[in-house]
Amino acid sequence: MAMKKKRYALVIDSRKCINCKACVVACKAENNVPIGNFRNRINEERKGEYPKLSINFEPEQCHHCADPSCVRVCPTGASWQRKDGIVLVNYDECIGCRYCMVACPYDARYFNEAEGVVDKCTLCRHRVDKGDIPACVETCPSKVRVFGDLEDTTSRVHELLSTRRYRVKEPQTGNGPQLYYLL
Amino acid sequence: MGTIRMDRRLFLKSAGATAGAVAALQVGCLKYFKKGRSSAGDTKEIPTTCELCPNKCSAIAVVEGGFVKKLNPNPENPKSRDMLCARGNAAIKQVYDPDRLKQPMIRVGARGEGKWKPVSWDEAFDFAAKKLSEVKDKYGPQASLWSSTEGFQEVFFKNLGLSFGSPNLVRHPTLCLASVNLAYSATFGTVPSFDLLNSKFVIMSGANRFESIITPDTMDLIGGVMERKAKLVYLDPRFTVTAAKADEWYPIKPGTDLAFILAMIHVIIAEGRHSKDFVATYTTGFEQLAEHVKQYTPEWAEKETEIPAKDIVRIAREFADAGARALYYAGRRSSWYQNDFQMRRAQAILNAIVGNWDQMGGMVPNAKLPKGEFLFMPWDEPKAPRVDEVQKEFPLAAAGDGVYLKLRENVLSGKPYPIKAWMVYKQDPMNSLPDQAKTLKMIEQMDFIGVIDVQMSDMAWYADVVFPESAYLERTDPVEVMPGIWPAVVFRQQVVKPIHDTKPNLEIVQGLAKRLGLGDYFDYTIEQWVEAEFKDLPIPMASEHMKKHGVWAASGQPSYGKTLTPDHRFVTKTGKIEIFSERLQEAGYDPLPVYAAPVQPPGDRFRLILGRVGYFTHANQSNNVWLHEFMKENDLWINPKPAERLGIRDGAYVSVSSSVGSVKLKARVTGEIRPDCVFMLHGFGKKSKMQSLVYNVGASDAVILETAWDKVSGNAAFHETFVKVANA
Amino acid sequence: MHEFNWGLLIVVYLFLGGLSAGLFFAAGLADYMTVDDKPVYARVARMGAFLAPWPVAIGSGLLILDLGNWYRFYKLFIHFRWESPMSIGSYLLTIFTVIAFLYLFAWLTADERQWLFSKVPATWKQVHRLNVDLSSWRGKIAMVGFPFSIGVGIYTGVLLGAVSARPFWNTNLVAQMFLFSALSSGAAALMLAMVLNKKSPAEKHEIKFLVTLDVVFISLELFIILPYLIHGQLSSLAVKQALGLILGGPYTFVFWGPFLVMGLLVPLAIEVYELAPNIFKGHEFHGSRNLALTAAGLVLIGGFLLRYIFVYAGQVSSFHQMGMLH
Amino acid sequence: MRNTLKLLAVIATLSASLAAQGGSDTKGKFFFKKTCKSCHSAGGNAKEITPLSKTQAQWKAYFAAGKHKKGTEKIDSVIKPEQVKDVQTFLVNHASDSPQPETCGG
C-alpha cells in the first residue's frame, strides 16, 4: 500500500508561552529523560530597565531539519532521519562521540551519561505513529505548539503557515529547520 | 534509616540488567533503555484527578508494568482545558520520591532533631490515641487542634476532630483567599467565577495569573490577551510574566490598590458611566457609594498609587465602556494587607456597578450539580467555643475554617483555654504561616503532635508521630462536584497500589477513631462513600461512567443570566447585591470601603513582597526532582538603585531581616521590581532533612514574615513586613 | 552556562594528531633533503620517523576513551560516511598511523630489528616473517605518507571547520590554520628531540634546517590567522559576534597573550634572530641550543593552545540570540 | 442496616439533652437529608426544598407554626419531636440570607 508522503513540523506561537514548563516535564516523563538533561526547553530573554521592561519566552527543541547537520556529521549513521522528517538516534549504532551535539545549531541534543549515547527529541514518534500528538504539544496549557503534517493541506500547521507570518531560527546554517515560529 | 530507594529509573534499570560481563550488562541496559521508549504490552490508561493544586484537573494515567509512566491531560474535563501543568506532570515523582514517608514513624529524639523510629500502623495508632486521650482527659476535647488544607479526603479528618469533640478545626483559607471569599460573599452572597474566556477588558491586581499558578483562568486570559480579544491592565510592584504579557503594566505603590479602585469608581459614577438599569434593579446602597467616593479623585489616587491620574481616568472609562464584559479580577491567593477585605469589596462593588454580573465575559455565579451524600452517623456538636474566638472577633468570617493567626496568638497565650494536642493533615504550618518562630513556640507547648502527610514536611519534621498518607495516584477519593461556568464532576481513583506502607487518609482516620472509641462514626469504606455520592449525579450509569472517564461535564453552552430576574434573591441580608452593607455596619466595620494609606517602610527598609512560580506554587512541591530542576534555590529580588547604594552585587548572599527573624539568600539585582520593595519566592529553606533537595537551601519567607491580618476576614496579611537588607 | 560537549581530551587528541602529522612531514622532508646526493639530514629523518607514530596512536586512544561507548569504536570502520569529516578522518588517521609505524620500522637498524623480534616468542612464526629490511623503501613510504600526513593535519581542522552551527569555526581558514600549526609543531618537536638528544648532540646544520622549516610554517600560520580575524570582522554578524570571544571575551587573553605572542611571535622572533644573520649577512648560523629549546617549547605550547581556544570558544559560539535557560 | 440500628441507639440516648439546648447543625443536616429529602427532592413526591428555600426569619416562623403539608399535619408527626430543633438549626444556619461566606473546598 502506498503511503502518502508526510512531513511533520511544529508551529509555535511563542507569544502565548508563559514559561510554565509543563512541556518540559511532560517530555521528561514521556521519554524518561534523565535528571539534568532536557529534550525541550524554554529560552528566555529579559530586556530593559525599570520601568521599561520586556520578557520574551521561546520554546525550543529539535527542529527536525530538512537537511540536518547532526545526521551529516555522524560518523556511524546512528543519527538518521525518517522519511516523515523525524530526526532520530539509533542507540545501538551511537558510539557517543558527541559530534552531532557540537554540530547542532540549536543545542537540541544531550549526552545520556548513563547509557553513553546521545539523545534528543523524537517528536514522540511512538505517540505520533499511533496517531497521537507529542506530549509537549498535548499538555501545553496555553497551546503554544501546533503539531502536524505539512504535506496535508487540510492540517492546522499548513493553514497557519499559509495565513500567518512566521520565521525559522538560524536558516543561514543551511539546516532547513522545521520549527516555525509565528510572528 | 533503612529505606529502599524506589526510584523509577533505577528500578527499570535493575529490572533490565542481567548478570554477565560488563559489556553484556551495558548492552542489556541499553536494550531496556530502548524498550522504555516504546509502549510495553501491559499498558493501562486510568483516568483520575490531579491533586497537586486546588484546580483538580482531569488526568489519564498511563500505567506500564505497575508503574505510572505518564500523566496525560483528559480532554473530557472542560475545567482543565485539556492540559496538565508542570506540577501535574510531575505528580509521578511524588509517588517515586525517595524522600517520601514510607511507613509510620514515632519521634525518638528531641522535636525537630530528626530521629525517628519506624513503627507498625498499630503502634502508631495506639500511641496517638493514647496521647490524644490523655489530653482529652486532662484538658477536655477542645484542647485538641485539627488543622488541614482542602482536599477530597479532608472531610474525614475534619469529622474526626469534630466527633472527638473539638470545635478547633482550622483550615487554610485565612492563609489564602478568605478575604476574597468574604468580600464577594458580603456583596453578592456568593463567590462567582470570572468568565475570562469571553471578557474584553480585564484589570488584575494582587494576582499574577500567568506565572504563579496555572489554571483555566490562566489559559483563557492568555488566549484572549494574545489574540487581541481582551485587554489586560495589570498592577504589580514587580515585573512578572503577567506584566510582560499585559497590555499595560503599572508598578503600583504597594498597598494602594484600594485607592486606584475607589478613584475608578469615582470617575465612572461622576461621568455617569455605570450601568444604571442594573444598579437600580439588582443593587442596594448605590447612593451612599456615589456620595462616599466623591472624595476619591484620580488626582488624589495618583499621589497614593503613583499611577498617573490621566491613566486612571482612561482605564476607568475603558472599563466602564466594556461594561458587562469588563472584569476586575478577584485574584486567587490574595491576602496582602490589613485592608484586604475592603480592597476586595471595592473590586466587587466596581464590578457590580458596571453590570457585569451573570453576563458572558463578566462574573458568573457558579452552576452546581447535584451529588449524592453518604449519610454517616452524626455526633454531638462540640460544646466549647472556638479557641480563636472567631464568632466574637470576626463575626462575619467562615467560622468552620477558623482564623489561623488569631488562633496561634490565643494558643500561645493559653487563652481562653489551653491547646495541648495538634493534629495536622496535608498542611505545613511551619511554612504557610508567617513568623516561624511563633509557630515553633506553639509546637513546643504541645503535649502531642500528629501529622498525616505524603512527605516529611517541616511540620511533620517536628511531629511526635507521622502517618504516611498514600499519594493521590495510590488512592480512591470522594467524588467532587466542581461548580463553575462549566460545572463538572471529577473522580479520583486508584491508579497504582501503594508502593510503600502507606494508607489513604480515611483509613488513617478510621484507625485513630477506632482507638478513640469513635469507630461507629466512620463505619464505612471509601467504596460505600463513593457509590452513595454517585447516586444523585445527573449521569446515566454514573458509577461506571466515572470509573471509565474520571470526569463528567455538563454539555452545551453555559447559560448566562439565570439570576437576572427581578425576583431573584441573592443570598444576602437584603436579597440584593449589597453595595452598602448593613451587615458590615452592624458588625462594626465600614459599610463602604474606606481608604487608609498603608504605612511606608522607613528609609533603610524595604517592603517584603512574596510570590509564587507556577511550577511550585505551594511550598510542598519544591522537593519534587522534576520541578526542582527549574529552580534550585530562591533569591532576593532587589532593584539596582538600592542595591548600588547598599553595595549589593548580583548573585552575592545577603541577609534579610525583619523584627521576627533573619534569613540569608542570594541577591538578584534586577530592574524588574520597584526600588522600595524586595521580593522572594515561597517554598525554600526547609528544615526537614527529608526534603533533601531544598533542605537548608535558599530561605523560607515564613522566618521573616511578621504576624498581621486583615481586620474583617482575619486573613493573614503577607505584605506588611519591612525588612533590612545587607551583604551577608 | 554553556555545556561543553567536547573537553580537554579532544584538545589533546587534536594536538597529538597534528603533532604526528608534522613530525612525519618533517622527517620525510629531511629524508629527501640531500646535499650533493648525500642525505645530510638522515639523523633528523630517523628521529622524526621514530617519534611520528606515537602521538597519533596515543591521541586515537584518548579519542576512543572519550567516546560514550568506547568498545563500539569499531563501528567507525563498518560504516563509511563521506559527509562526515569524522568518518573520513577515522580512515585517514588509521592509514596514516599504519604508514607512520611502517616508516619507523623502515628506519630501524638491523640490530634494532633483531632486538625487537627477540621479544617475540619463537613459536610465532608468522610474526617473525615480518623481520625484513625496509630501509630501501624509506623514500617510497615517505612519499605515500606525505598526503596522509597533510590529510591528518588538515583533518583536525576540518573536523571543526565543517560544523556550520558554530560561527567561530565555520570558515575555510580553520583547516589551513590547523595544518600549518601541526607542521610547525612537528618541526618544533623534532628540534626539541634533536637538541635534547645527549648521546649524539644535534649539529648546527640540522638545527638550521628545522628552524628554517619552523619559520616557514609559523609565518604561514600567521598569514592564515590574520585573514581569519579580518575575514571574521567583515563576515556575518554571527561570525563577528563569535570572534568577540577572542576579541573582547572570555578567550581574549589566552588568544593574544599565551597563544599569539608567546606561542607564535616570540618563537618566530627567536628563530628569525638565529637565522637572519646567516641568511642576509652570510654569518655562521648561531645554533644556540637554549634558544632552539625555548622556541621549540613555545611553539608546542602555542600549538596546544590554538586547539584549546578553538575547541572551547567554538562550542560557546552560536547563532542563538536568546539565552539558553531551561 | 447495622448502621441505622446503632445510630438509633446513640441518638435515643443523646437527643433529649441536645434538643433542650441550641440544637445540632450536624445532626440537623443528617435528619433533614434522611427524613425531609426523601420526599422534598428533585423528582421526589413533594416540592424540592433546600435550606436556601427560605430566609432565616421564614424558617423560624415555619418552625414556630410547626405545621407540615400546608398546615394539614404537625411537623413533629413527620420529624421525630426530638429532632425538630436540630433540623431547624441546620435550616436557619444555611438559609438564603444566612451570613455563610463561601469557603474553599471542604
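The values are calculated or read from the model by the stated rules, or taken from the named source; none is laboratory data. Everything numeric in this text was worked out from a predicted model, so none of it was measured. Quick reminder, even Gly has a Cβ in these numbers, built from the backbone with ideal geometry, and neighbours come from all protein chains shown.
Every listed requirement among (1) within 14 Å of chain A (Cβ to nearest Cβ); (2) buried (at least 24 other Cβ atoms within 10 Å of the Cβ) is met by B:His628 save one, (2). Of all the listed residues (C:Lys208, C:Lys198), the sole one being surrounded by 15 or more Cβ atoms within 10 Å (Cβ to Cβ) and more than 16 Å from C:Leu23 (Cβ to Cβ) is C:Lys208. Is the range B:367-385 home to any residue that is away from every other protein chain (no Cβ under 13 Å) and within 22 Å of B:Thr190 (Cβ to Cβ)? Within the range B:367-385 (the criterion being away from every other protein chain (no Cβ under 13 Å) and within 22 Å of B:Thr190 (Cβ to Cβ)), the answer is yes, since at least one residue qualifies.
Yes or no, residue by residue, for (1) more than 7 Å from every other protein chain (Cβ to nearest Cβ); (2) buried (at least 18 other Cβ atoms within 10 Å of the Cβ):
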residue: A:Ile95; (1), (2): no, yes
residue: A:Cys100; (1), (2): yes, yes
residue: A:Tyr106; (1), (2): yes, yes
residue: A:Tyr110; (1), (2): yes, yes
residue: A:Val118; (1), (2): yes, yes
residue: A:Ile133; (1), (2): yes, no
residue: A:Cys140; (1), (2): no, yes
residue: A:Lys143; (1), (2): yes, no
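Considering the range C:75-191, the qualifying helices (runs of 4 or more DSSP H), each wholly inside and each with 3 or more residues that are modelled with pLDDT of 90 or more and over 29 Å from C:Glu206 (Cα atoms), run over C:85-106, C:138-161. The number of residues in the range A:22-77 that are more than 13 Å from chain B (Cβ to nearest Cβ) and among the basic types (Lys, Arg) comes to 1. Here B:Gly683 does not qualify as at pLDDT 95 or above and either assigned to a loop (DSSP other than H, G, I, E, B) or more than 30 Å from D:Pro101 (Cα to Cα) (or both).
When the range C:27-75 is limited to residues that are among the hydrophobic types (A, V, I, L, M, F, W, C) and within 14 Å of chain A (Cβ to nearest Cβ), the one that is surrounded by the fewest Cβ atoms within 10 Å (Cβ to Cβ) turns out to be C:Leu65.
Across the range B:147-169, what is the number of residues that are farther than 30 Å from B:Ser58 by Cβ and either touching a helix residue (DSSP H, G or I) at 6+ places or on another chain (Cβ under 8 Å) or in a loop (DSSP other than H, G, I, E, B) (or both)? Final tally of qualifying residues: 7. Across the range C:281-326, the qualifying residues are those that are modelled with pLDDT of 90 or more and of a type in the set (Phe, Trp, Tyr), and the one among them that is surrounded by the most Cβ atoms within 10 Å (Cβ to Cβ) is C:Phe310.
The set of residues from the range B:171-193 being over 18 Å from the mean Cα position of the chain (by Cα), more than 7 Å from chain D (Cβ to nearest Cβ) and either outside any loop (DSSP other than H, G, I, E, B) or surrounded by fewer than 24 Cβ atoms within 10 Å (Cβ to Cβ) (or both) comprises B:Ala186, B:Thr187, B:Phe188. Only one of the numbered conditions (1) assigned to a loop (DSSP other than H, G, I, E, B); (2) more than 14 Å from chain B (Cβ to nearest Cβ) is not met by A:Trp80, and that is (1). Being buried (at least 22 other Cβ atoms within 10 Å of the Cβ) and either closer than 16 Å to B:Asn356 by Cβ or over 30 Å from the mean Cα position of the chain (by Cα) (or both) is the requirement here; does B:Ile312 meet it? When the stated conditions are applied, B:Ile312 passes them. Screening A:Thr154, A:Thr163, A:Thr173 for residues that are in contact with a Pro (Cβ under 8 Å, 6 or more places away or on another chain) and either free of Cβ contacts under 8 Å to residues at least 24 places away in the same chain or within 14 Å of chain C (Cβ to nearest Cβ) (or both) leaves exactly one candidate, A:Thr173.
For every residue, the table says whether it meets (1) more than 10 Å from every other protein chain (Cβ to nearest Cβ); (2) in a loop (DSSP other than H, G, I, E, B); (3) at pLDDT below 85.
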{"residue": "D:Val10", "(1), (2), (3)": "no, no, yes"}
{"residue": "D:Ala19", "(1), (2), (3)": "yes, no, yes"}
{"residue": "D:Phe32", "(1), (2), (3)": "yes, no, no"}
{"residue": "D:His40", "(1), (2), (3)": "yes, yes, no"}
{"residue": "D:Ala46", "(1), (2), (3)": "yes, yes, no"}
{"residue": "D:Ile49", "(1), (2), (3)": "yes, yes, no"}
{"residue": "D:Lys60", "(1), (2), (3)": "yes, no, no"}
{"residue": "D:Asp86", "(1), (2), (3)": "no, no, no"}
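Here C:Val254, C:Val311 are screened, and the one residue that is within 14 Å of chain A (Cβ to nearest Cβ) and either touching a residue at least 40 places away in the same chain (Cβ under 8 Å) or acidic (Asp, Glu) (or both) is C:Val311. A single entry from B:Pro370, B:Pro395 fulfils the requirement of being modelled with pLDDT under 95, out of contact with any Leu (no Cβ under 9 Å at 6 or more places or on another chain) and part of a loop (DSSP other than H, G, I, E, B): B:Pro395.
The criterion of being part of a strand (DSSP E or B) and within 26 Å of the chain's Cα centre (by Cα) holds for B:Trp637.
In the set B:Arg100, B:Arg107, B:Arg81, B:Arg87, only one residue is modelled with pLDDT under 95, of a type outside the set (A, V, I, L, M) and surrounded by 18 or more Cβ atoms within 10 Å (Cβ to Cβ); that residue is B:Arg81. Taking every residue in the range B:395-407 that is more than 9 Å from chain D (Cβ to nearest Cβ) and under 17 Å from B:Glu150 (Cβ atoms) and pairing it with any residue that is among the acidic types (Asp, Glu) and assigned to a loop (DSSP other than H, G, I, E, B), at least 6 positions away or on another chain, the pairs with Cβ-Cβ distances below 9 Å are B:Gly402/B:Asp388; B:Val403/B:Asp388; B:Val403/B:Glu389; B:Tyr404/B:Asp388. Among the residues of the range A:38-73, the ones that are surrounded by fewer than 20 Cβ atoms within 10 Å (Cβ to Cβ) and in contact with a Pro (Cβ under 6 Å, 6 or more places away or on another chain) come to 1 in all. Figure legend. Inter-residue proximity from the range D:64-92: first residues closer than 18 Å to D:Pro51 by Cβ, second residues buried (at least 20 other Cβ atoms within 10 Å of the Cβ) and among the basic types (Lys, Arg), beta-carbon distance below 9 Å, spacing 6+ or different chains. Indicated pairs: D:Gln83/D:Lys27; D:Asp86/D:Lys27; D:Asp86/D:Lys29; D:Val87/D:Lys27; D:Val87/D:Lys29; D:Thr89/D:Lys27; D:Phe90/D:Lys27; D:Phe90/D:Lys29.
Among the candidates B:Ala243, B:Ala330, B:Ala301, B:Ala263, the residue that is assigned to a helix (DSSP H, G or I) and in contact with a strand residue (DSSP E or B) (Cβ under 7 Å, 6 or more places away or on another chain) is uniquely B:Ala243. Counting only residues that are of a type outside the set (Asp, Glu) and closer than 15 Å to B:Pro487 by Cα, the range B:62-86 holds 6 of them.
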